[in-house]
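Data first, discussion second: the structure below is written as structure tokens.
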Amino acid sequence: MEVNIVKDSENPLLKRRRIEFEVDHFGAATPSRLTLIKELSSSLSVPEDRITITKMVTLHGTCKASGVARVYDSRDRLEEWEPEHLIGRTGAAEEQAEKKKEPEKLEEKVKEAEGGSVTEVKNSEILKEPKKEKEGIETVKSTKEEGRKDA
């Protein structure tokens, strides 16, 4: 995998750089954002936590991807200007990938209700009480039934 920087422009107002890059990934899948952040970090001599990749596109049938990255002067600036979903794709991407690998577990809890049934609950959800009919509704129903019998 080879990363080529096509354009590097400075934005002094936002204290960041806009990097346009191309990645030649012949014989392999399109590299992940995390892999590209590591490559850009080493080539630009900037910590990984200050880089976000905003766009990455691979044309169908080619082994070249092009994209846009933003490099900030500080982590605080990055958190101030970047949307949360892009911040989540940078440093937190490793944590999210590990969480997805773990199988989802089901917990069984026994809840003694009127029928004493066993209920499966996903990831310790709160068990809700079964719905009970209101007393006022029951009396209305019974009076209607009695009225029909009389008629």
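Derivation of every value follows stated rules applied to the coordinates shown; laboratory data play no part. Bear in mind the structure is a predicted one, so any value in this text is a computation, not a measurement. Positions of Cβ are backbone-derived with ideal geometry, glycine not excepted, and every protein chain shown enters the neighbour counts.
Note on residue 1 and residue 22: the extension gain reaches 6.5 nm, defined as 0.36 nm multiplied by sequence separation minus the Cα-Cα distance.
Ranking 6, 23, 46 by Cβ neighbours within 10 Å, fewest first, what do you get? Please list the in-between numbers first.
Working: 6 11, 23 21, 46 17.
With the sparsest Cβ surroundings first, the list reads 6, 46, 23.
Extension gain for residue 11-residue 59 works out to 14.4 nm (0.36 nm per residue, less the C-alpha to C-alpha distance).
Taking N as the number of residues in segment 2-94, what is its alpha-carbon radius of gyration divided by 2.2 N^0.38 Å?
1.05
Can you compute the label reach from residue 80? Point 7 Å from Cα along the Cβ direction, backbone N cut-off under 19 Å, restricted to segment 32-63. Residues 47, 49-52 qualify, since their backbone N sits under 19 Å from the label point.
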